[in-house]
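Read the structure below first, then the notes.
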Amino acid sequence: MSEIPQDTIVLPEDRHLHYDFASGYITAHFLRNLGEGRILGTRAGANGRVYVPPRAYCERTFEPAEEWVEVGPGGTVEAATIVTAKFLGHPDPPFVIGMVRLDGAGTAITNYIELSDEQLADLDTARDVVAPGTRVKVQFKQERQGRVTDFHYVLDNG
Amino acid sequence: MSGHIARAGIVGTAQSRYRTHRPDVHYAELVQQTAFDVLADAGMTIDDIDAIVFAMAPTDFVGITDVDKWAIGAIGGAGKPFMRVQLGGATGVAAAQAGYFHAASGEFDNVLVIGADKVAETPDGQHVLSLMFDPFYERESGLNTITMAALHAEMHMRKYGTTTEHLDQVAIRAWRRAQRNPHAHLSGILEPADLAVSPLIATPLRRYDVCPRSTGAAGVIISSERAIARDQRDAAWVTGVGAIANSVFIGDRTGADADLNYADWGELRLAADQAYAQAGITDPASQLDVVEIYAPFTICEVSGVEALGLCAPGEGGPALARGDFDTGAAVEVNPSGGTLCANPIAVTGLVRVCDAAAQLLNRAGDMQKARAQRAVATAVGGTFQFQSVMVMDRQPQED
Amino acid sequence: MSALPKTGPIAVIGGSHVRRSAGQRLEELVYETAKAALTSAQLDHADLDNIVLAASDELDGRGITSMLTAMPAGGYLKDVNKVTDSGLHALALAAMKVRAGQSNAVLVLSWDGPSEAQPMPIARTALEPFVERPIGFVDPMASAVRLERYLHDNKLDKSLLDELAKARWEQAGNPNGYQETLICSPLREGHFAPHLDSASAVVLSGCPDGRPIRAEFLASGWRTDNYYLDQREMPSHRLLARAVSDALSKAQISIDQIDHFDVDDSAIHHEVWAAEALGLADPGRGLQELIAAPDRFRRSASSAYAGHSALSAGLMRIASSSAEPGATALVHQAIGRAGQGQIAAVIRHTRTGEQS
């Protein structure tokens, strides 16, 4: 807080509001499958776009998207950024966030891309390591909770 | 909806000075002062106002749900027709458009569009912004307003060869222009050397590529054609409005089968095309005089001038770095310094409208561009997903 | 020629009301509601040009709820705007867009889902933080204070509230729903309609192109008063009378031409004051007169005691009104703490399948 003028008051308050977000069946199925080590998308129509993360509807055609399609585990970086500042609720920097198109998906899903400390030592080099077109693959955590944080991306060196 | 649109115009504008904190006023007092100022600018009293549109984005920063309902008395609005527009960062222009619809529909004569933000009332601003993402899919994915802009910058740079030096020039020139803006939060002389050592936030964005968090208020009064004629007022006529929404998921805006690609600001182009068609603008670079783009990051000024048709795709970086849209140019972009120099989120779009309209009303002070005839204001909200564009003209469109 | 504002009625070509199913994702409720409204309007998604939403970020638990709901509402590469006041305010804005020549087909959609949130703590955050938040002067306390004054001034017994409330629960086919637990005098739980998570949508068209017209939207009027109860320009029933008068004067009809009054009945005092504001009951006599004639409003849509969605209640009544052809209905909604805002819309029903 900057300097407070004399004769004024600052009233502090901490707010806590609890929410219980309903997932619906589509999101729940996606998250449960993450827990099983699979990434699923939904497709609208026979030749429709495959949405990852899945939606119950195609945003473009406004038709239901109900067919399940498994995607990945390989994928291609559409774009990535290396975060070097500390944000509340985020990991300690530096870390990499990337939009990755998983094989078989029509859209890209954002998540962390793991690089080694060595790779992150020089940011210009690191940017090139995760340049658009870079192949990555999904890596699941050993202990999964059915949340989107159950997986992240690693470079696909093989 | 191309062709001439129902006539209404902006007859008054006002802004507070922007800074990080305003501990000397609470929210309702902050917006009240600007209500007084905009009425004075239009030569009106509150009794002349028939309806109010309130511009307020997420209330999480000020910590008061439906804060507009508290502020209504302070702006003399009690008992009047009143509604609040909330479209994230696009709120300001979306609210101005709603005010225009109030007047252009024939339902109201003089409409006050006003709002304020106290973005720094919480120290947890970036956390607040993270709450706008999908709770299941993206809240824990590392996305926030800065990283999503960084991804856009990465894509634009790789597609077109836009450089850090281009972005540096955008910041340097914005800060320099803002020296003539009495409302600006940030202004001054930046040197490339200062920028080179400034902290990196998320590649390729450094500190000066990112707008500040600002507190302040803005307002305009929009009047119907009959009220403008009756009261013989000067007006910045609204000649075009456009708006476009896209998916919250930026990952949808990638790949071969995407309609729009996240490397470009295609949604802004579509919204501008709608507004241009109404306003009869076929060659923006020659027909526009002043453009106030809501560019919260340097990269957005680059992709913004391209989307608005002021230069070819990929030419934005070099053009801005050369000063092609700087003071004295045929088209001046963000003569106010723009959002890089003040970002009171709820009203940042309204600030763009104020700065653009003030140019046409010849009330822009040291920022005034001589004989400005036509201006554009834009706003953007969400994951660069909501676009709102308004074209204004010194003259009403001829029949 | 420059476009002139369109006057006269605007066609209502579609509507929907969807109850949220258990566990349904908010975005999927919005999609289901929008899809149903477009289907009922026989309108292709591609022919929709505008969407106006009304929602509360705070109740949705989404910082900018339209970010997530604009696409399921059908907003892909279309004009989307959002208001926070009520579904009827969104309808008013949508109608002004049509009148200003900026829309041919607009979907108005509103919802609220407090079952995901904690409405009372959120209401508390809506209090101004310096004077009223520490006291916690939220609804229903704020309404109760006004109501006590009303009972006192008119020498009425509070048991009249119970009597009218019981009649309302009975009319809604749920006589056991009445709960006599006292919340704050004189208000009991049973004086409030039960909450329902639902969404409603209405499709307005400036040029229906031969599509069946369900009703014509004639006009709406809305007013919002001071936040502080003691500084209000007028009591809420007078504010409502002003809003109704605005709507009627824009519609160029008189109140005598209204056949149905779908007033806000989310709480007993709302409908009592509405009856007095609309001249359906004498001042100070609303309670007794509504008890004596429970059907005085001649409603054309369901009672809130069958389930009430705070933000979208008025829009729901436009979407689901079942008035006879040719009948004119006035739909009213109170918003904010202790009726800070009042809005009324006037629609005229057309014959089933009437063509434009």
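Where a number appears in this text, it was derived from the coordinates with a stated rule and is not lab data. In this text, all values refer to a predicted model and were calculated from it rather than measured experimentally. Neighbour counts run over all protein chains shown; Cβ positions are idealised from the backbone, glycine included.
For C:LYS35, the lysines whose Cα comes closer than 19 Å to its Cα, not counting residues fewer than 8 places off in the same chain, are C:LYS78, C:LYS82. With a simple spin-label model that places each label point 7 Å from the Cα along the Cα-to-Cβ direction, the separation between B:GLN179 and A:LEU88 comes to 3.6 nm. Less than 5 angstrom separates the built amide H of B:GLU332 from those of B:VAL290, B:VAL291, all sequence-distant by 5 or more or on a different chain.
As a calculated quantity, the FRET efficiency between C:ILE291 and C:THR181 at R0 = 22 Å, using C-beta atoms, amounts to about 0.55.
Applying the Karplus relation 6.51 cos²θ - 1.76 cosθ + 1.60 with θ = phi - 60° to the range C:272-285 yields 3J(HN,Hα) values of 5, 5, 5, 4, 5, 5, 8, x, 8, 8, 6, x, x, 10 Hz, where x marks Gly and Pro. Using a simple spin-label model with pseudo-atoms 7 Å out from Cα toward Cβ, B:GLN373 and C:CYS207 lie 3.1 nm apart.
Between A:PRO64, A:PRO12, A:PRO73, the GNM of chain A built on Cα springs shorter than 10 angstrom shows A:PRO12 fluctuating the most.
May I ask you to sort B:HIS183, A:HIS18 by Cβ crowding, counting other Cβ atoms within 10 Å and putting the fewest first?
A:HIS18, B:HIS183
Taking amide H as placed 1.01 Å from N in the peptide plane, the amide H of C:ILE183 sits under 5 Å from that of C:ARG188, C:GLU189, each at least 5 places away or on another chain.
So what is the relative contact order for the range A:24-155, in percent, with contacts set as C-alpha pairs under 8 Å and at least six apart?
24 percent
Remark on A:TYR57: its backbone amide H falls under 5 Å from those of A:ALA65, a criterion applied only to residues 5 or more positions apart or on other chains, H modelled at 1.01 Å from N. Among the residues of B:270-281, the average count of other protein chain beta-carbon atoms within 10 Å of the residue beta-carbon is 1.
The value of relative contact order for the range B:1-159, using C-alpha pairs under 8 Å at least six residues apart, is 26 percent. For the pair the range B:25-99 / the range B:279-293, the C-alpha centres are spaced 29 Å from each other. Taking every residue in B:57-64 and counting other chain Cβ atoms within 10 Å of its Cβ, the average works out to 5. Look at the stretch B:87-94: the mean tally of other chain Cβ atoms within 10 Å of its residues' Cβ atoms is 4. Structural descriptor for the range C:120-191: relative contact order 25 percent, calculated from alpha carbon pairs under 8 angstrom and at least 6 residues apart.
Counting other Cβ atoms within 10 Å as a rough exposure proxy, the listed residues B:ASP47, C:ASP197, C:ASP112 run B:ASP47, C:ASP197, C:ASP112 from fewest neighbours to most.
Calculated from DSSP H runs of 4 or more alone, at -39500 (n - 2.57) each and per residue, what is the 222 nm mean residue ellipticity of chain B, nearest 500? Helix-only estimate at 222 nm: -10000 deg cm²/dmol. Backbone phi angles across the range B:216-228, fed through the Karplus curve with coefficients 6.51, -1.76 and 1.60 (θ = phi - 60°), yield HN-Hα couplings of x, 9, 8, x, 9, 10, 10, 10, 6, 4, 5, 6, 5 Hz in residue order; Gly and Pro are listed as x. Taken one residue at a time, the phi angles of the range C:176-192 give Karplus couplings (6.51, -1.76, 1.60, θ = phi - 60°) of 7, x, 5, 10, 8, 3, 7, 9, 7, 4, x, 8, 10, 3, x, 7, 10 Hz. Gly and Pro are set to x. Arranged from fewest to most other beta-carbon atoms within 10 Å of their beta carbon, C:LEU239, C:LEU196 become C:LEU196, C:LEU239.
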